[in-house]
Amino acid sequence: MSNTHKDLEFHVEDAGGKTQYFKSWPKALELAAAVSASTGRAVNVDVVAWSREAARKWAGDAGVEVFEEDPEASVHERLVVRVESQGRIA
């Protein structure tokens with residue numbers, strides 16, 4: 001998964017309920033993991049591809065196929081991040 005293209009965005013809802021927008025996958029994942037760890041809830045990371053090229057950059061030929069199925073879709077792919085403690089492991 002490549003994380004940079006001018007037409008590729010990652011949308012993450014922060015702990016306060018405000019959507020944050022990122023051009024970098026690692027930054028989006030970092031916020032999602034931090035929010036999940038601090039709130040105990042699953043956090044959606046919405047991948048938004050505004051062009052075929054962005055879809056290809058994100059997921060290769062399979063990403064282009066998904067994009068071409070519905071180019072007007074508001075979310076290209078939704079990933080769910082959940083961080084949960086399983087306690088100490090002996």
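Which residue, of Gly40, Gly87, is in contact (Cβ under 8 Å) with a residue 12 or more places away in the chain and on the phi > 0 side of the Ramachandran plot?
Checking each option against the conditions leaves just Gly40.
For (1) within 26 Å of Asp14 (Cα to Cα); (2) among the charged types (D, E, K, R), each residue gets a yes or a no:
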| site | (1), (2) |
| --- | --- |
| Thr39 | yes, no |
| Val48 | yes, no |
| Lys57 | yes, yes |
| Gly60 | no, no |
| Val66 | no, no |
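Please find, among Val47, Val66, the residue that is modelled with pLDDT under 95, surrounded by 12 or more Cβ atoms within 10 Å (Cβ to Cβ) and of a type in the set (Val, Ile, Thr).
Val66
Does Val35 satisfy being out of contact with any helix residue (DSSP H, G or I) (no Cβ under 6 Å at 6 or more places or on another chain), in a strand (DSSP E or B) and either among the acidic types (Asp, Glu) or surrounded by 16 or more Cβ atoms within 10 Å (Cβ to Cβ) (or both)?
Taking the combined requirement at face value, the residue does not satisfy it.
Quick one: how many residues across segment 38-65 are of a type in the set (Gly, Ala, Ser), farther than 20 Å from Ser85 by Cα and in a loop (DSSP other than H, G, I, E, B)?
Number of matching residues: 1.
The values are calculated or read from the model by the stated rules, or taken from the named source; none is laboratory data. Please read all numbers here as calculations on a predicted model, not as lab measurements. Neighbour counts are summed over all protein chains in view; Cβ atoms, including those assigned to glycine, are modelled from backbone coordinates with ideal geometry.
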